[in-house]
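Only one structure is covered here, and it is reproduced in the block below.
The values are calculated or read from the model by the stated rules, or taken from the named source; none is laboratory data. What you see is a predicted model, and the numbers here were worked out from it, not measured in a lab. Note: ideal-geometry Cβ built from the backbone for every residue, glycine included; neighbour counts use all protein chains shown.
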Amino acid sequence: MTNRMVLAGIVYKTPIRKVSPNGIPHCQFYLEHVSEQMEAGLKRHAWCTIPVVISGHNELTNSIEKGSKICVSGFISLHRRQNNINQLILHADHIEFLGE
């Protein structure tokens with residue numbers, strides 16, 4: 001089954017960088033997307049904020065900061081938070097910085 005998402009936007013909060021007990025680095029942040037999309041022949045305002053995690057050694061994650069304009073792609077997965085609320089998370093495996 002296909003599970004692939006591509007989303008461009010602005011890093012909404014300062015990224016959190018952690019290393020797992022297995023030594024795997026993780027970079028976590030929120031990506032805010034705002035655009036106009038066509039639906040049924042009409043323009044529609046599209047907006048979302050989604051948590052993103054990038055795992056593994058990736059040189060580009062060190063350059064990600066609040067306000068960075070980026071495009072990420074990867075798969076989405078459900079994560080149950082401590083308060084038992086489910087949340088979709090984008091697990092990115094590709095990052096591209098976008099110009100102004």
note = Here the residues within region 75-93 that are in a loop (DSSP other than H, G, I, E, B) and aliphatic (A, V, I, L, M) are I85
ask   = Can you tell me which of I54, I24, I10, I64 is in contact with a Gly (Cβ under 7 Å, 6 or more places away or on another chain) and closer than 17 Å to D93 by Cβ?
value = I24
note = Inside region 52-61, the number of residues satisfying the requirement of being outside any loop (DSSP other than H, G, I, E, B) and either among the β-branched types (V, I, T) or within 15 Å of the chain's Cα centre (by Cα) (or both) is 6
inquiry  = Within region 51-67, does at least one residue satisfy the condition of being hydroxyl-bearing (S, T, Y), touching a strand residue (DSSP E or B) at 6+ places or on another chain (Cβ under 9 Å), at pLDDT 95 or above and surrounded by 10 or more Cβ atoms within 10 Å (Cβ to Cβ)?
reply    = no
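Can you pull out the residues in region 36-50 that are closer than 19 Å to L88 by Cβ and either loosely packed, with under 12 Cβ neighbours inside 10 Å or among the basic types (K, R) (or both)?
Q37, A46, W47
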message = Consider region 68-93. How many of its residues are modelled with pLDDT of 95 or more and closer than 16 Å to K18 by Cβ?
response = 3
ask   = Of the residues that make up region 81-99, is at least one among the aliphatic types (A, V, I, L, M), farther than 16 Å from R4 by Cα and loosely packed, with under 13 Cβ neighbours inside 10 Å?
value = yes
inquiry  = Quick check on region 1-35: of everything there that is surrounded by 15 or more Cβ atoms within 10 Å (Cβ to Cβ) and among the hydroxyl-bearing types (S, T, Y), which residue is nearest to I76 (Cα to Cα)?
reply    = Y30
